[in-house]
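Structure record follows, encoded as structure tokens.
The values are calculated or read from the model by the stated rules, or taken from the named source; none is laboratory data. Given the structure is predicted, the values throughout are model-derived calculations rather than measurements. So basically every Cβ, Gly included, is an ideal-geometry build from the backbone, and we count neighbours across all protein chains shown.
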Amino acid sequence: MRDKKRGNTVGLIVLFCVAFMVMANGARAQTLEPRMYSNLPVGLNFLLVGYGYSQGEVLVDPSVPLDDLNARIHMPVFAYLRSFAVMGRASKVDIVLPFAWLSGSAKVEGQEERVYREISGLADLSVRFNINLYGAPALSLKEFASYRQNTIFGVSLQVTAPVGQYDSSRLVNISSHRWTFKPEIGLSQAIGRWNLETSAALSIYTTNNNFWDGKIRKQNPILSLQGHTIYNFKRGVWASFDITFYRGGQTTIDGEVKNDLQTNWRLGATLAFPLNRRNSIKLYASSGVYTRTGTAFSLLGIAWQYRWGGGV
């Protein structure tokens, strides 16, 4: 009876070891993702359905030349994650497909205000592979019951494909119309009921050869740093205080270097709790606290997660 109860408790805790991508916007460096490098039993599948709402200086692609921006984005997100073993280490791959409905107003390069309404469509698809190289052995769900985290070190690579809605005659689009590659390293340290996490990533962008009115746009990489302080309550409930800093992303359009270097800070919070052995809910919020160029927006969201496989 005790083993069964312990197995149920482990099952509830494992529900929240998946990093859910909150918003699939063009900057991507600003995404806050607690528990990204937490360990998972192998053989599990996760289906995630979420909704995020943003308001302020937010765009799917924040490098477009807009001023006095006031935008609103409704973004449902669908994701799938699979955990497995690679050379005896815990690994996972996630696929994220977001949609977006965007409306708002802005000035184009200081000119008269232009209003755009109800721009909607598929956003860019993201695929990410993660492997924990130290402190997270590949374990079955039964073996995971006796696992206790200490220090975990991992790496990941996220690739974003430009499959979303795009029209070069429009300055505002859902897709960024370019590929993005984001390598990252992360560290997670358990201290009693607390987990301290930090990560560093570099978002690298390919050239958009069909930017607004046929222009060619290039963008420098964006360096991002994240920190998370997580407290694990009983019965699989956890809460996190999140912070991220990112810098870079200056663009060049038809050979002209733009004054749009991004140097920004964001703060956020996350609360996750189980509904039962297979279902869980996550609530999240974040806001810009310092912004040099663009992306001074607020975000609220909710996500539902369902898991199966791996002996659940």
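Laid out as a table, the results:
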| item | result |
| --- | --- |
| Any hit, segment 142-160, residues being over 30 Å from PHE241 (Cβ atoms) and out of contact with any strand residue (DSSP E or B) (no Cβ under 8 Å at 6 or more places or on another chain) | yes |
| Strands (runs of 3 or more DSSP E) contained in segment 52-156 and holding at least 2 residues modelled with pLDDT of 95 or more | 66-86, 89-108, 125-134 |
| Selection status of ARG235, surrounded by fewer than 18 Cβ atoms within 10 Å (Cβ to Cβ), touching a Phe, Trp or Tyr at 6+ places or on another chain (Cβ under 9 Å), farther than 30 Å from TYR205 by Cα and in contact (Cβ under 8 Å) with a residue 60 or more places away in the chain | yes |
| Residues satisfying the stated conditions in segment 76-103, i.e. crowded, with 17+ Cβ neighbours inside 10 Å, closer than 17 Å to GLN305 by Cβ and of a type outside the set (Ser, Thr, Tyr) | VAL77, ALA79, LEU81, ARG82, LYS92, ASP94, VAL96, LEU97, PRO98 |
| Residues of segment 239-256 satisfying the condition of being touching a Ser or Thr at 6+ places or on another chain (Cβ under 8 Å) and either more than 30 Å from ASN173 (Cβ to Cβ) or buried (at least 19 other Cβ atoms within 10 Å of the Cβ) (or both) | ALA239, SER240, PHE241, ASP242, THR244, TYR246, GLY249, THR251 |
| Some residue of segment 176-183 being farther than 22 Å from HIS228 by Cβ, touching a strand residue (DSSP E or B) at 6+ places or on another chain (Cβ under 9 Å), β-branched (Val, Ile, Thr) and not in a loop (DSSP other than H, G, I, E, B) | yes |
| Residue that is at pLDDT below 95 and closer than 22 Å to THR270 by Cβ, where the choices are GLY186, GLY214, GLY236 | GLY236 |
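To keep it simple, each residue is scored yes or no on (1) of a type outside the set (Ser, Thr, Tyr); (2) surrounded by 15 or more Cβ atoms within 10 Å (Cβ to Cβ); (3) closer than 25 Å to ASN130 by Cα.
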position: ILE174; (1), (2), (3): yes, yes, no
position: PRO183; (1), (2), (3): yes, no, yes
position: SER199; (1), (2), (3): no, yes, yes
position: ASN209; (1), (2), (3): yes, no, no
position: TRP212; (1), (2), (3): yes, yes, no
position: GLN219; (1), (2), (3): yes, yes, no
position: ILE222; (1), (2), (3): yes, yes, yes
position: GLY227; (1), (2), (3): yes, yes, yes
